[in-house]
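This report concerns only the one structure given below.
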Amino acid sequence: MAKRRSVDPKYSMCVQPSFIIGTNNEDGSENFAPITWASATHEDGDQYLFVISMAGTKMTKKNVLRTGVFSANLVSIDMLSLMDYFGSKHAKDGAKNDISYEVVRGEVLDVPVLNESRWVYECEVARTVETGDSTTFFCHIRNIQMDERLECEDIFDIDLTVLDPVIYSGKYHSIGKTLGKIGDFVQ
Ligand SMILES: Cc1cc2nc3c(=O)[nH]c(=O)nc-3n(C[C@H](O)[C@H](O)[C@H](O)COP(=O)(O)O)c2cc1C
């Protein structure tokens, strides 16, 4: 049995995936920023919604509110310096061009995509929910670009060791190894 202690609810840690969100600025240039308040939910049929939450008045949020579209680029360990840079510079302080990175356009939506990402969602906002100064976007996934090395038998067969994602809790972490699939541990 784990020995726990009760603490202040400000320790609101969720084990968070790391995405760099790509948006279109008003002048047609692109902007990228890390957002880790990200999840998914289900709609009718086999449609999933990507769920992402943004606080304050950051450019990324303004761009999503204005255009209704964005890319969500999963961050692998080799993209850490890119994420750290995008997260420490605010678009209002100038273009994020102090380091080099390759940008392409989405396959389905007109959104900027990071060439380095191994898993990219192209998203279109379906609904927004405001809570305080945060906005949560429920989004149709119009396209997924996945690393060609992934060989998926079905939607549950995603090998995260290929994607090598950065997991965020306030600090950056990597995942360990594949443990098995649903049912493997039923006794
Ligand atoms: C690792 C990391 C995770 C972040 N996650 C979020 C988040 O989930 N929601 C949010 O509103 N801001 C988040 N931020 C903050 C924005 O990325 C940051 O404010 C960024 O500079 C905004 O850029 P922009 O002004 O170009 O939009 C995160 C930053 C880092 C470094």
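Assorted remarks:
- The range 1-34: number of residues that are under 20 Å from the mean Cα position of the chain (by Cα), of a type outside the set (Ser, Thr, Tyr) and over 20 Å from Val104 (Cα atoms): 5
- Filter pass, Ser117 being modelled with pLDDT of 95 or more and within 14 Å of the ligand (Cβ to nearest atom): no
- In the range 69-115, the residue that is nearest to Ile21 (Cα to Cα) out of those that are in contact with a Cys (Cβ under 9 Å, 6 or more places away or on another chain) and not polar (S, T, N, Q) is Ala72.
- Considering only residues in the range 79-103 that are aliphatic (A, V, I, L, M) and under 17 Å from the mean Cα position of the chain (by Cα), the one that is farthest from the ligand (Cβ to nearest atom) turns out to be Val103.
- Residues in the range 56-78 that are near the ligand (Cβ under 8 Å from one of its atoms) and touching a helix residue (DSSP H, G or I) at 6+ places or on another chain (Cβ under 8 Å): Lys58, Met59, Thr60.
- If you go through the range 174-187 and keep only what is closer than 18 Å to Met79 by Cβ and either under 15 Å from the mean Cα position of the chain (by Cα) or assigned to a loop (DSSP other than H, G, I, E, B) (or both), you end up with just Ile175.
The values are calculated or read from the model by the stated rules, or taken from the named source; none is laboratory data. Predicted model, so just to flag it, every value in this text is computed and none were measured. Note: ideal-geometry Cβ built from the backbone for every residue, glycine included; neighbour counts use all protein chains shown.
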